[in-house]
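Quick notes on the structure that follows.
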Amino acid sequence: MLDPSSSEEEDEVVEEERKVTQAPKTGAPRVSPNRTGESPGGLQPARTNNARPTSPGPSAALEKEKDDLEKMQREEEERKKRLQLYVFVMRCIAYPFNAKQPTDMARRQQKISKMHLQTVKDRFQAFLNGETQIVADEAFINAVQSYYEVFLKSDRVSRMVLSGGFSANDSRDVFKKHIEKRVRSLPEIDGLSKETVLSSWMAKFDTIYRGEEDPRKHQQRMTASAASELILSKDQLYEMFQQILGIKKFEHQLLYNACQLDNPDEQAAQIRRELDGRLQMADQIAKAGKFPKFVSKDMEAMYIEELKSSVNLLMANLESMPVSKGGEFKLQKLKRGHNTSIIDMGQEDENQLSKSDVVLSFTLEVVIMEVQGLKSLAPNRIVYCTMEVEGGQKLQTDQAEASKPTTIGLAVFSGWVVLHPTPNSPKQSEIHKMTVSKGCPDNDLRIKLAVRMDKPQNMKHCGYLWTIGKNVWKRWKKRFFVLVQVSQYTFAMCSYREKKAEPVELLQLDGYTVDYTDPQPGLDGGRTFFNAVKEGDTVIFASDDEQDRILWVQAMYRATGQSHKPVPPTQVQKLNSKGGTAPQLDAPISQFYADRAQKHGMDEFISANPCNFNHSSLFEMVQRLTLDHRLNDSYSCLGWFSPGQVFVLDEYCARNGVRGCHRHLCYLSDLLERAENGAMIDPTLLHYSFAFCASHVHGNRYLLNALYPSSPADPPTPPKKELRMMELRKKRDSKSQVAAGLRRPDGIGTVTVEERERFEEIKERLRVLLENQITHFRYCFPFGRPEGALKATLSLLERVLMKDIVTPVPQEEVKAVIRKCLEQAALVNYQRLSEYAKVEENVGRLVTPAKKLEDTLRLAELVIEVLQQNEEHHAEAFAWWSDLMVEHAETFLSLYAVDMDAALEVQPPDSWDSFPLFQLLNDYLRLDYNLCNGKFHKHLQDLYAPLVVRYVDLMESSIAQSIHRGFERESWEPVNNGSGTSEDLFWKLDALQTFIKDLHWPEEEFGKHLETRLKLMSSDMIESCVKRTRIAFEVKLQKSSRTTDFRVPQSICTMFNVMVDARAQSAKLCTMELGQERQYHSQIDDLIEETVKEMITLLVAKFVVILESVLAKLSRYDEGTLFSSFLSFTVRRNSAFYLLISKPGMDVADAYVTFVRHSQDVLRDKVNEEMYIERLFDQWYTSTMNLLGTWLTDRMDLQLHLYQLKILIRVVKKKYRDFRLQGVLDSTLNSKMYETVKNRLMLEEATASVRDGGMLGISMKDSDEEDD
């Protein structure tokens, strides 16, 4: 802004710029000599190299020149319009008296640009590539990876960035919401809370997002921007609207200085003139009857009253302003006396000023700088000075020595000087000659004084004038005048005499018009004249110089509030120079700036009367340009103006009478235009403006009908109670008072036809926009951003569908609209999803079934992702319409079902590759309360139920065949817990049941059917396996040896293990949770148990047969047989050799003992079930002991042969010890049969000792020394 003290060099620069940039006048257009295709001589046709005779060269050039001229004229008109508009805006900024900059507006965040988004992507990609120094665990890296892939790389985010509605705060909130579920699902860690993990992850996110930027610089930048967002100074507001309206800096300087925007008095006077003009315009409209077209004829009278009421309100606001902004002086509250259209003329006497109403308070400061000519005093004398204000007490200065060159003071009674200070007196120090007292020898005393007399805030000007009037100052005389402001609308011209506090005479300037005048003949005194004229009165003033006259006229012009602006006579400087004085500016600086502005063509904008302009059109323009500027700044404003912009627009509307409905209609139109072009606009802002307009256009329909029964489109008759109340109200109040009850939000009760028609047009546009946004909610509000915008959009739609402001729209109607939007949304979402998945590329091409199934599976993943995002980010907004969101999801899935059915139809028969698709979809649908067993889910079940049944049938047949073939070729080699065939069987059964279980079939009855069938099938298969193993066991034993050479083969143990594994698998594969169906398990268990018993019995029988073969060999030594005699003779004859051979003839016993021990070790080592081993050993021991007892019982009457005795003792003792070591219980070991056998053998041993001379170390006693 150019300061009033700008140098002449700056003025010359400004003038040069103006010469270069000034466009040609509209009335006299001229062509630029530098225009392409024009010759210097004028409008000549452009030359061309094409020499064809049909070339339309001259006409084309003229046509082009005409278009250029018209374009230049339009640009010049636009420039003038913007300059005029800028003048009005400047005045609103310079002296606001209605609006303030709001401090409670929501703080806007910095928006992310396309370039910034790419930078953020690069930073996150660098982190994922390990190119940063940020330490992170795998869980955080996975979260960032998901955030990067799903959010940052999304095309919806890119669209939101282009719309200007995406901020860094949105990015951070989405990540925070993204990780909250992940952190909550992490396992608990002692000493580390999940809140700490969240805070740590967010800190790392901020570090990645910020990159290498210095956080301190970032904070400083954010602080500065936040401050500018909250409140702006006047200079910042000027600069902002220069950018908005395209005003150059030098143009602002010229306008600022010429309009005297730094002068509060001039601005207050300008406001008073504007308000007077608006009152006169209201009167003219009332007289001429040129009203806007209203919805009701009766509103015309109300319109005039509204105009005057709005002016009265502005007057009241202006009255509350101090005389000078920032000052402490408050004006007296006086009513505007000459406004006869508002205030009754009977009150005129009450508004007349009295002398006591005029109060002036001065602050006087006198500083004694120096005293000269004080020679008669001794150097060491103390001097001082006194000062006395007329009628007040004396004041004394500090004391000083007379020897000092500069002294403060004066010898007592040395001399004095009388001062007559005024506020116009020079502020610098001056030397005054003193009147010397009689006794003072110093005749030439001079004193240097600095006198400062501050002007009160209510003193607008003062000085000496010659004057004469009709009612006051009736003699032509020079008097001291003060122009006093009593209130914002009351000024008085007061004449004073010396030593008097009250004015001698005063003239209240209400209704007077001041102007320059020529010198009056017959009046001597004064050089330049001006007068104040009122009907029936004229007061003539004269000043001694031109500059003082201009200052007086300007001050009185501000005070009178007149519409006519006095123009000083021209050629002032030339006249002064002809008078013999040096060339100088004999005019105030304001006049100089006004002349300079006139020189540059700005005078028409400055002197223009605001009342002559269509401010509705001007405001629409400035609001539109301000919105463009706001949407292009660095903030994600969503259409909200900044506090400074709101302040200026509010002030403009109030000051220039722009109707609130018009303002918001224009705002809505501009916002809708931006939103239709892809900009992000806050629906809450649209809702606010729409509600304002709706309240204005509709108002209280019942009261309108009561007041204006003839109004078109009457609403339904209100209830009787309300009619009775309105009748009482009409009787009690006047019609104007009732009309006051019809005020809309801005206090305006009148509604123009244009407002109503434009409102209906905007309402329809808004409805279409909202329905489009709801249809494209995933793309207009991606990831639920801006926060709460979708919910506000739905609320606004409900408001738009209302017929008026009172009657709520039926919920079914709203529901039908939203249902239609969501049906279209499903189609839009699926089409875009298909394009993204590139499924459409395969249409018309030869695609293999496997490829088609793969694409369908990938598309299913994307479908589920879309539904999950809808639930996560948009479900809350549709909370009131949750059933419609379910319908939307079903519609969306039905579109996918078409592609899914087409892909499944081309799959080959008995192909099971499509089951992962069912599992993917079913796992999502069954966990969703709303979609589980819904339309698509049932379709999916119907589609896959035959496939599942067919799959189970084929698997059952395949398993049965594998059992048959497997046991035919079974080698019974151990494989894991059983044989190869059994392991394959149990794995297949388990895999089949696991597969069916993992399907999580949602329909309970069919699911139970599948489970029952698989359990029964498993039971049958295991039963078959057990029976075939039993048969193979028996066959194996039959083919094996019956002597002590028999060794328990590995296959026998494997068969036992098959039984063990079958019992374990049956518990898992054949068990049902419900009562009766547990029989499958119990039956197979019983079968296994019986089979194991039979297998043990068969094996024990085998062991008994082997023992029988040993006993058969011993039977040859029975007493009385030939073979026994021969063997006895041989023994006696060779008895001498017995002493040399250790334990002769024990190879049979040793062979049997070895067989037993080997069999025990093999069974113990190879069979996996301890219980079966114990049972087998118990039966084995018991059966063989019973066999021995029976054999001995059969020879009760015979004496055992020595050889028999030795073999039996050896077998019995080893058997007892080995089975005891294998864990057979003592109760079993020490059975009655064992005691019988033991006693018989001990008896036989004793007999043999007496008869044959001893057993050679073999004895039944435990202490024997028989070697093992």
With a probe of 1.4 Å, find how much accessible area the stretch 910-1037 has per residue, and write the answer as a whole number in Å².
49 Å²
Non-local residues with an amide H under 5 Å from the amide H of GLU370, with H modelled 1.01 Å from N and Pro and chain starts lacking one, are LYS448
Cross-link list LYS1039/LYS1093; LYS820/LYS851; LYS114/LYS177; LYS121/LYS177: which exceed 25 angstrom alpha carbon to alpha carbon?
LYS820/LYS851
Sorted by average packing, counted as other Cβ atoms within 10 angstrom per residue and highest first, what order do 185-198, 137-150, 76-89, 246-259 take?
246-259, 76-89, 137-150, 185-198
Cβ neighbours within 10 Å, averaged per peptide: list 1219-1228, 287-296, 538-547 in order, most packed at the top.
538-547, 1219-1228, 287-296
Taking amide H positions as placed 1.01 Å from N in the peptide plane, with prolines and chain starts having none, which residues 5 or more places from HIS461, or on another chain, fall under 5 Å of its amide H?
LEU483
What part of the accessible area of the stretch 815-957, given as a whole %, is carbon or sulfur when the probe is 1.4 angstrom?
54 percent
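Between ASP1045 and THR119, what's the calculated FRET efficiency when r is the beta-carbon distance and R0 is 51 Å? Round to 0.05.
0.05
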From most to least accessible, 1.4 Å probe, no ligand or DNA/RNA atoms counted, LEU859, LEU377 line up as LEU377, LEU859
Violations at 20 Å Cα threshold for listed pairs LYS287/LYS534; LYS287/LYS308; LYS249/LYS460; LYS1036/LYS1213; LYS80/LYS234; LYS100/LYS248 -> LYS287/LYS534; LYS249/LYS460; LYS1036/LYS1213; LYS80/LYS234; LYS100/LYS248
Once fully extended, how much extra length lies between LEU313 and ASP928, figured as 0.36 nm per residue of separation less the alpha-carbon to alpha-carbon distance?
215.3 nm
Excluding ALA492 itself, what net charge comes from residues whose Cβ is under 13 Å from its Cβ, given Lys and Arg +1 and Asp and Glu -1?
-2
Please arrange THR848, THR856 by accessible surface area, largest first, computed with a 1.4 Å probe and ligands excluded.
THR848, THR856
Computed over the stretch 133-203, protein heavy atoms only, probe 1.4 angstrom, the accessible area per residue in square angstrom equals 53 Å²
Calculated FRET efficiency for the pair GLU813/SER958, C-beta based, R₀ 56 Å, to 0.05
0.40
Inter-site label distance for LYS71 and ASP1194 at 7 Å from Cα along Cβ, in nm
13.4 nm
Ranked output for segments 801-808, 110-117 by mean other Cβ atoms within 10 Å, highest leading, reads 110-117, 801-808
Whenever you get a sec, compute what percent of the accessible area on the stretch 491-545 sits on carbon and sulfur atoms (1.4 Å probe).
44 percent
Rounded to a whole %, the carbon-and-sulfur portion of the accessible area of the stretch 1159-1202 at a 1.4 Å probe is 48 percent
Extending each Cα 7 Å along its Cβ direction at LYS64 and GLU1119, get the distance between those two points in nm, one decimal.
15.3 nm
Any idea how far apart GLU1235 and THR1154 come out in nm if each label point goes 7 Å out from Cα toward Cβ?
3.6 nm
The stretch 830-909 - accessible surface per residue (Å², probe 1.4 Å):
54 Å²
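The values are calculated or read from the model by the stated rules, or taken from the named source; none is laboratory data. Every value quoted in this text rests on a predicted model; they were computed, and no experiment measured them. FYI the Cβ positions are ideal-geometry reconstructions off the backbone, even for glycines, and counts take in every protein chain you see. Heads up: the accessible areas ignore ligands, DNA and RNA and are worked out on the full protein's heavy atoms, side chains in. Shrake-Rupley method; radii C 1.70, N 1.55, O 1.52, S 1.80 Å.
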